[in-house]
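A short write-up of the structure that comes next.
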Amino acid sequence: MRDHVDTLLERQAERRGRIPAWLDIPDPKGFRPKRKYRTIWISDIHLGTRGCNAAMLVDFLRAVECETLYLVGDIVDGWRLRKGWYWPDAHNEVVRRILKMAHRGTRVIFIAGNHDEMLRDYAGLSFGGVELALEAVHVTADGRRLLVTHGDAFDGVVLYAKWLAFLGDKAYSMLLRANIAFNAVRRRLKMPYWSLSAYMKKKVKNAVQFIGSYEEAVANEATSRGFDGVVCGHIHCAEIREFAGITYYNDGDWVESCTALAEDFAGTMSIIDWVAETGGEAASAALAGVDHAAEGARAEA
């Protein structure tokens with residue numbers, strides 16, 4: 001996987017100054033005005049897996065504009081891609097949307113997570129206008145300093161027993177496959193998207209205890225380093241909580257909950273639940289646009 005990344009970086013260096021034509025193609029005019037934010041955080045997209053809700057993410061990215069976009073880890077699932085290649089056009093469109101945002105003036109910061117850890121060796125570099133980093137410091141509009149980190153460093157399972165993490169990933173993947181089949185039936189019955197995997201996780205006592213311990217550990221790290229708050233992902237559980245004067249923010253994921261964290265121009269932070277707002281119905285429209293964009297990219301190639 002690392003050799004593949006090296007090759008991509010070499011090709012980028014060779015093509016520096018050559019901008020793909022599709023970056024300048026205007027987006028189709030929609031019926032809804034774009035929602036404008038100062039900052040948006042998204043994480044745990046897991047491109048390269050069947051559980052990734054790429055169509056809903058494309059729909060979300062088309063609906064928003066921001067000055068800064070943080071990609072808070074696990075954007076590409078290198079663990080899964082090493083086992084077998086899965087990369088439909090919808091996943092290409094996610095990448096295209098992000099690169100278009102960078103091309104049009106959005107600052108995009110990519111903080112590598114544990115599933116895309118192969119990119120950590122390239123922290124400090126940028127590609128296509130996307131900056132790679134291990135972590136970042138974000139200053140809100142109202143002057144608060146936030147640590148931005150994926151969060152796997154605070155997961156004892158990943159940190160101390162990686163083989164156990166892979167075992168858990170296998171079981172989790174089985175649950176996600178069940179989630180895909182479950183929602184396929186719901187679509188045929190004209191019912192909205194609903195995450196079976198997220199529901200099961202919230203009902204399992206050990207998972208609930210782990211999430212609470214994880215949130216406290218991340219908040220304690222922010223306290224020890226003098227931050228006012230921390231933004232992370234990793235556990236696929238969107239949340240805003242206070243821990244002894246530290247605000248803990250988790251932006252969720254685009255596998256189960258389809259959520260993002262956003263900051264407005266006054267510094268107010270909120271979680272955007274895209275399924276709750278759209279019912280997942282906009283995803284089919286986004287997929288139609290994905291097919292059109294894929295055809296354009298292939299024609300350019």
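The values are calculated or read from the model by the stated rules, or taken from the named source; none is laboratory data. Given the structure is predicted, the values throughout are model-derived calculations rather than measurements. Note that each Cβ is placed from the backbone with ideal geometry, even for glycine, and that neighbours are counted across all protein chains shown.
Scanning the stretch 231-261 for residues that are part of a strand (DSSP E or B), in contact with an Asp or Glu (Cβ under 9 Å, 6 or more places away or on another chain) and of a type in the set (A, V, I, L, M) yields a total of 4. Consider the stretch 240-275 and keep the residues that are surrounded by fewer than 16 Cβ atoms within 10 Å (Cβ to Cβ), at negative phi and modelled with pLDDT of 95 or more. The one that is farthest from the chain's Cα centre (by Cα) is Ala266.
On the stretch given as the stretch 91-118, residues that are not in a helix (DSSP H, G or I) and not acidic (Asp, Glu) total 12. Here Thr149 meets each of (1) over 16 Å from Val218 (Cα atoms); (2) crowded, with 17+ Cβ neighbours inside 10 Å with one exception, condition (1). Residue count for the stretch 71-88 under the criterion of being outside any loop (DSSP other than H, G, I, E, B) and crowded, with 16+ Cβ neighbours inside 10 Å: the result is 6. Criterion applied to Asp155, Asp142, Asp169 was being at pLDDT 90 or above and of a type in the set (D, E, K, R), and the one residue passing it is Asp142.
Hey, among the residues in the stretch 8-49 that are among the aromatic types (Phe, Trp, Tyr) and either more than 18 Å from Arg107 (Cα to Cα) or modelled with pLDDT under 70 (or both), which one's surrounded by the most Cβ atoms within 10 Å (Cβ to Cβ)? Ranking the qualifying residues of the stretch 8-49, first place goes to Trp22.
The residue pairs whose first member lies in the stretch 217-229 and is closer than 20 Å to Met269 by Cα, whose second member is of a type in the set (Gly, Ala, Ser) and in a helix (DSSP H, G or I), and whose beta carbons are closer than 8 Å, counting only pairs six or more residues apart or on different chains, are Asp228/Ala222; Gly229/Ala222. All of Gly226, Gly212 fail the test of being more than 30 Å from Ala55 (Cα to Cα) and modelled with pLDDT under 70, apart from Gly212. When residues of the stretch 89-106 are filtered for being of a type in the set (Gly, Ala, Ser) and either surrounded by fewer than 17 Cβ atoms within 10 Å (Cβ to Cβ) or closer than 17 Å to Arg120 by Cα (or both), how many remain? Here the count works out to 1.
Restricting the first member to the stretch 76-94 and to residues that are in contact (Cβ under 8 Å) with a residue 60 or more places away in the chain, and the second to residues that are among the hydroxyl-bearing types (Ser, Thr, Tyr) and surrounded by 17 or more Cβ atoms within 10 Å (Cβ to Cβ), the beta-carbon pairs closer than 7 Å and six or more apart or on different chains are Arg80/Thr49.
Yes or no: Leu57 in contact with a helix residue (DSSP H, G or I) (Cβ under 9 Å, 6 or more places away or on another chain), in contact (Cβ under 8 Å) with a residue 24 or more places away in the chain, more than 24 Å from Cys237 (Cα to Cα) and not in a loop (DSSP other than H, G, I, E, B)? Before the answer, list the steps.
Details: in contact with a helix residue (DSSP H, G or I) (Cβ under 9 Å, 6 or more places away or on another chain): yes; in contact (Cβ under 8 Å) with a residue 24 or more places away in the chain: yes; more than 24 Å from Cys237 (Cα to Cα): no; not in a loop (DSSP other than H, G, I, E, B): yes.
In short, no.
Residues being part of a loop (DSSP other than H, G, I, E, B), among the β-branched types (Val, Ile, Thr) and touching a residue at least 40 places away in the same chain (Cβ under 8 Å) are entirely absent from the stretch 119-134. When we screen Ala133, Ala123 for residues that are at pLDDT 95 or above, crowded, with 19+ Cβ neighbours inside 10 Å and small (Gly, Ala, Ser), the only hit is Ala133.
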